[in-house]
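J.: I'd like to ask some things about the structure below.
The values are calculated or read from the model by the stated rules, or taken from the named source; none is laboratory data. The structure displayed is predicted, hence computed values, not measured ones. Every residue, glycine as well, gets a Cβ built from its backbone with ideal geometry; the counts of neighbours run over all protein chains shown.
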Amino acid sequence: MKLSVVAVGDANVDLIAPIASLPGKGGEVWTHRLERHAGGSAANLSVAISRLGLSSGFIGRVGDDPFGHFLIDEFKKERVDIGQLQIDKEVGTGLMFIAITEEGERTMYGFRGANVNLSAGEIDVGYVKNVDVLHISGYTLLSEAQRKAALELLEAARGAGVFVSLDVGVLTAMEAADRVRSILRSIDLLFLNELEAERLARIEDPEKAAESILESGVKTVALKRGSRGCFILSREQRVRSPAFRVNVVDTTGGGDAFAAGFLVGIIEGRGLEEAARFANAVGALAVTKAGARSALPVRQEVEEFLKTAKI
Ligand code: RIB
């Protein structure tokens, strides 16, 4: 079966705790609810694509523990192909502790666990040669084994003429900006937020930073601006698309949902403007419940939302 999108990167269990506000260093704070959710940026994207009605696969690594088996069950429920998922017998599943403050902003403390051991030798690169999009999470560039695997997949996909997207991620922009810069020419579509753009371009103005990143070889830049929507840049076009107004409960995974919506728009041949609007809608809906995947919409929900949504 030909898959539309294959994502490579992290699969985590997210332990989510709503708190009143972040404590200072050495402080204490209580939560009245602790929730377990399936997460991980690339894994979330593959689930979002599937909910929107396109086929998807995920390449990553989980531990052979209850958390890993929980994630496997979730992938199966969501009809995401996990034929290339690896199971680590020694290292545990990636785990994120996520504190959500009252305005819905999330702060994460993470253990990447088995994710970083993704083994290039165990991947059949043929898996990504016949897909519409290979989506790479920037987290893969942070550690050696996972990076090797991602770069081999990138090379295989490029060789086969497959469209490649990359979602940078805050830590990658701060700790591995050079690694991102070194592959920009091989990337068709780059997703990043304002902070990531500034770090990557070393320019303290997100729009100017995005312009400069475009000049360095990537074909399209999608700048995610949270409550201000998005700014899309290609060689021929500049598109500004405002965010939709929703009640924000938890921003975790909002960027993954946006990226999934944008990719669906591109795969279906919508122009940048329409793809941006669709992506903003998917991203907006996704942040209305706690957990990265709880509010990921199906196609019909997006279409209904777009009929009445306010900016
Ligand atoms: O992008 C959101 C994801 O980032 C969360 O689900 C968490 O697991 C972290 O990887």
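J.: Name the residues in the stretch 264-285 that are touching a residue at least 60 places away in the same chain (Cβ under 8 Å), more than 15 Å from the ligand (Cβ to nearest atom) and in contact with a helix residue (DSSP H, G or I) (Cβ under 8 Å, 6 or more places away or on another chain), would you? First the steps, then the outcome.
T.: The initial filter retains those residues of the stretch 264-285 that are touching a residue at least 60 places away in the same chain (Cβ under 8 Å), namely 264, 266-267, 282.
Imposing the further condition that a residue be more than 15 Å from the ligand (Cβ to nearest atom) reduces the set to 264, 266-267.
Within the stretch 264-285, V264, I266 qualify.
J.: Now for a different question. Can you find, within the stretch 116-148, the residue that is surrounded by the fewest Cβ atoms within 10 Å (Cβ to Cβ) among those that are touching a Ser or Thr at 6+ places or on another chain (Cβ under 8 Å) and assigned to a helix (DSSP H, G or I)?
T.: A145
J.: While we're on this one: Would you check if there is a residue in the stretch 164-172 being more than 16 Å from the ligand (Cβ to nearest atom), under 17 Å from the mean Cα position of the chain (by Cα) and either farther than 16 Å from G138 by Cβ or without any contact (Cβ under 8 Å) to a residue 60 or more places away in the chain (or both)?
T.: Step one: of the stretch 164-172, the residues more than 16 Å from the ligand (Cβ to nearest atom) are 164.
Filter again for under 17 Å from the mean Cα position of the chain (by Cα), leaving 164.
Imposing the further condition that a residue be either farther than 16 Å from G138 by Cβ or without any contact (Cβ under 8 Å) to a residue 60 or more places away in the chain (or both) reduces the set to 164.
Within the stretch 164-172, one or more residues are more than 16 Å from the ligand (Cβ to nearest atom), under 17 Å from the mean Cα position of the chain (by Cα) and either farther than 16 Å from G138 by Cβ or without any contact (Cβ under 8 Å) to a residue 60 or more places away in the chain (or both).
J.: Tell me yes or no: at least one residue of the stretch 158-165 is farther than 20 Å from Q84 by Cα, in contact with a Leu (Cβ under 9 Å, 6 or more places away or on another chain) and either at pLDDT 95 or above or surrounded by fewer than 20 Cβ atoms within 10 Å (Cβ to Cβ) (or both).
T.: No: the stretch 158-165 contains no residue that is farther than 20 Å from Q84 by Cα, in contact with a Leu (Cβ under 9 Å, 6 or more places away or on another chain) and either at pLDDT 95 or above or surrounded by fewer than 20 Cβ atoms within 10 Å (Cβ to Cβ) (or both).
J.: Scan the stretch 82-99 and tell me whether some residue there is in contact with a His (Cβ under 8 Å, 6 or more places away or on another chain), of a type in the set (A, V, I, L, M) and buried (at least 18 other Cβ atoms within 10 Å of the Cβ).
T.: Within the stretch 82-99, not a single residue is in contact with a His (Cβ under 8 Å, 6 or more places away or on another chain), of a type in the set (A, V, I, L, M) and buried (at least 18 other Cβ atoms within 10 Å of the Cβ).
J.: For the subset of the stretch 6-21 comprising residues that are more than 21 Å from V249 (Cα to Cα) and out of contact with any Leu (no Cβ under 6 Å at 6 or more places or on another chain), which member is nearest to the ligand (Cβ to nearest atom)? Lay out the reasoning, then the answer.
T.: Initial filter on the stretch 6-21 (more than 21 Å from V249 (Cα to Cα)): 6-11.
With out of contact with any Leu (no Cβ under 6 Å at 6 or more places or on another chain) added as a condition, the list becomes 9-10.
Numbers: G9: 8, D10: 5 Å.
Taking the candidates together, the pick is D10.
J.: Can you name the residue in the stretch 234-262 that is more than 16 Å from the ligand (Cβ to nearest atom) and among the charged types (D, E, K, R) and is also nearest to I311 (Cα to Cα) among such residues?
T.: Residue satisfying both the conditions and the ranking: R245.
J.: Scanning the stretch 22-80 for residues that are of a type in the set (V, I, T) and closer than 19 Å to P297 by Cα, which turns out nearest to the ligand (Cβ to nearest atom)?
T.: Applying the filter and picking the extreme gives V47.
J.: Does T288 fit the bill of being free of Cβ contacts under 8 Å to residues at least 40 places away in the same chain and of a type in the set (S, T, Y)?
T.: Taking the combined requirement at face value, the residue does not satisfy it.
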